[in-house]
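S.K.: Could you have a look at this structure, given as structure tokens, before my questions?
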Amino acid sequence: MRKAPTITAFERSPDRGRGLARDMRVRWALEEVGQPYDVRLVSFDEMKEPAHRALHPFGQIPTYEEGDLALFESGAIVFHIAERHAGLLPDDAKARARAIAWMFAALNTVEPPILDRGFAVLMERDRTWHQERLPILDDRVRVRLGELSDRLGGADWLDDAFSAGDLLMVTVLRRLSGTGLLDEYPNLCAYVARGEARPAYNRAFDAQLAVFTGRPPTD
Ligand SMILES: N[C@@H](CCC(=O)N[C@@H](CS)C(=O)NCC(=O)O)C(=O)O
């Protein structure tokens, strides 16, 4: 029998397992396709050691090991899972290409301004210019949220059926929780809530949280 893939996740997470660390994307994708997986928890020190860097050149999580294949980058891992299993990418070639475009859009167009803002709040809060800069960063996030909101309109998902593009986009938008920015776009809030309501999302969330509560996830 083929061994289940192994992913890495934080032993200690800044959000205490509330679904923001990027192993959540990989867990969710694996749950969507019904692929069992093992998790190896790593400390911040271990992530920077040669053994982990052999898997992840930037010394981060998540990684993904399946037989002799080792992958890093959450987007590449989700794409690999979506290619290997049914359920995360449409069969129709054009719809599939569009879903892949949304995966890139989530990580390459929507996530960067959200990360810039998050990084500023985390690391630059004490700088004299922080309060002056924050509204600029907020507005950069708003530009992308407004555009995404316009495109989504009243649809449930970005391109017809739920796909890996939605999975990544929802996890990216969730990084705004607590900022109030997403609340300005009711259709995006509803979109995120739809993602969070998926059974696979909940199984992944519970499994990540269980690392920190010590309580096993309930199925
Ligand atoms: N682009 C990478 C980013 C990976 C990343 O930033 N991982 C974070 C956890 S969500 C991490 O390991 N942070 C610790 C560090 O960079 O030292 C991906 O999508 O996988």
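The numbers here are math on the coordinates, done by the rules we state, and not lab data. On a predicted model such as this, the values are computed, not experimentally measured, just so you know. So basically every Cβ, Gly included, is an ideal-geometry build from the backbone, and we count neighbours across all protein chains shown.
S.K.: Taking every alpha carbon pair in segment 108-219, what does the distance histogram look like in 10 angstrom bins from 0, in percent?
M.R.: So the P(r) values, bin by bin, are 13, 39, 30, 17, 2.
S.K.: In nm, to one decimal, how far is the Glu184 label point from the Asp150 one, both placed 7 Å along Cα→Cβ?
M.R.: 1.5
S.K.: Further question: Compute the Kirkwood hydrodynamic radius of segment 156-219, taking the inverse of the mean of 1/r over all pairs of distinct Cα atoms, and give it in Å to one decimal.
M.R.: Taking every pair of different Cα atoms in segment 156-219, averaging 1/r and inverting gives 12.8 Å.
S.K.: Once amide H atoms are built 1.01 Å from N in the peptide plane, which residues 5 or more positions from Arg40, or in another chain, come under 5 Å H to H?
M.R.: Ile7, Thr8, Ala9
S.K.: Provide the net charge surrounding Lys94, with neighbours chosen by a C-beta distance below 15 Å and charges set as Lys +1, Arg +1, Asp -1, Glu -1.
M.R.: Its environment carries a net charge of -2.
S.K.: Using only Cα atoms, figure out Rg for the chain and give it as a multiple of 2.2 N^0.38 Å.
M.R.: Taking N as the residue count of the chain, the ratio is 1.03.
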